Amino acid sequence: MECDKFIQQVCDDLAENIDSNFCESLKNHLEECEECRAQVNALRNAVHLYQCLDEKKVPANIHDRLVKLLNVEDLHK
């Protein structure tokens, strides 16, 4: 996913307009902060890899840890 699309998705998920001050600040920060960019890229890659796996192949303990780490609702419980 390209950065602009990712930022749009983050802003959409946070119910923000892509042109809002928050989204602009987020974009600027990610452009300037190598550490945050690396964390965002790692998270994006983890989500992508997780989505590519067949649900049955992911051990329950790994699934639970990812759900907790990503702070998302577990739709499979």
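Any read-out appearing in this document is the output of simple, stated calculations on the displayed coordinates, not a laboratory observation. All values reported here derive from a predicted model rather than from experimental measurement. All Cβ positions, glycine included, derive from the backbone under ideal geometry; neighbour counts span all protein chains shown.
Brief remarks on what is shown
- In whole angstrom, the range 3-70 maps to an equivalent ellipsoid with semi-axes of 28, 13, 10, each derived as √(5λ) from the alpha carbon gyration tensor and ordered largest first.
- Under 12 Å from the Leu70 label point (7 Å along Cα→beta-carbon), backbone N, the range 23-52: 43-52
- Computed from phi, the 3J(HN,Hα) profile of the range 42-51 under the Karplus parametrisation 6.51, -1.76, 1.60 (θ = phi - 60°) reads 5, 5, 4, 5, 4, 5, 4, 4, 5, 5 Hz, with x in place of Gly and Pro.
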